[in-house]
Amino acid sequence: MFAGDAVFASGFDNPVWHNGFKHDPEGAARVRARLLRELATSGESLVATHLPFPSVCRVARAGNAFRCVPTVWDY
């Protein structure tokens, strides 16, 4: 899943946080939380532009938060 700007590193610990750059902050937070739940369930890879290199991970649940489990970058 390519999430573009939808997920920042801090969004895993606090998926309902939002910043001042969102047109609809509450809606963006709901979409981000739903996206992370779906990815944790499906096991699909996540690619997001604001994650540390290589910006690819799998999402795992951690209580009410999530974790970015890095994918091995074999280049």
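The values are calculated or read from the model by the stated rules, or taken from the named source; none is laboratory data. Note that this is a predicted model, so its numbers are computed, not measured. Counting neighbours? That spans all protein chains shown, and the Cβs are built from the backbone with ideal geometry, glycine included. Areas reflect the complete protein model, heavy atoms only, side chains present, ligands, DNA and RNA absent. Shrake-Rupley method; radii C 1.70, N 1.55, O 1.52, S 1.80 Å.
Out of all the residues in region 32-53, which are open to solvent by 30 Å² or more (accessible area, probe 1.4 Å) and either touching a Pro at 6+ places or on another chain (Cβ under 7 Å) or modelled with pLDDT under 90 (or both)? Working first, answer last.
Filtering region 32-53 for residues open to solvent by 30 Å² or more (accessible area, probe 1.4 Å) gives 34, 37-38, 41-45, 47, 49-50, 52-53.
Correct list: Thr49, His50, Pro52, Phe53.
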> Name the pairs whose Cβ atoms lie under 7 Å apart, with the first residue in region 1-21 and free of Cβ contacts under 8 Å to residues at least 12 places away in the same chain, the second open to solvent by 90 Å² or more (accessible area, probe 1.4 Å), and 6 or more positions between them or separate chains?
Replying inline: Ser10/Trp17
> How many residues does region 25-75 hold that are on the phi > 0 side of the Ramachandran plot and either among the hydroxyl-bearing types (Ser, Thr, Tyr) or in contact with a strand residue (DSSP E or B) (Cβ under 7 Å, 6 or more places away or on another chain) (or both)?
Replying inline: 2
>> Looking at Cys68, Cys57 in this structure, which one is touching a Ser or Thr at 6+ places or on another chain (Cβ under 9 Å) and either among the hydrophobic types (A, V, I, L, M, F, W, C) or assigned to a helix (DSSP H, G or I) (or both)?
In response: Cys57
> Within region 42-56, how many residues are under 19 Å from Asp74 (Cβ atoms) and of a type in the set (Val, Ile, Thr)?
Replying inline: 2
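Sort out which residues of region 1-18 are within 9 Å of the chain's Cα centre (by Cα), outside any strand (DSSP E or B) and surrounded by 15 or more Cβ atoms within 10 Å (Cβ to Cβ), and write them in order of number. First the steps, then the outcome.
At the first step, the residues of region 1-18 found to be within 9 Å of the chain's Cα centre (by Cα) are 3, 6-12, 15.
Filter once more, so that each one left must be outside any strand (DSSP E or B): 9-12, 15.
Of everything in region 1-18, those that are within 9 Å of the chain's Cα centre (by Cα), outside any strand (DSSP E or B) and surrounded by 15 or more Cβ atoms within 10 Å (Cβ to Cβ) turn out to be Gly11, Phe12, Pro15.
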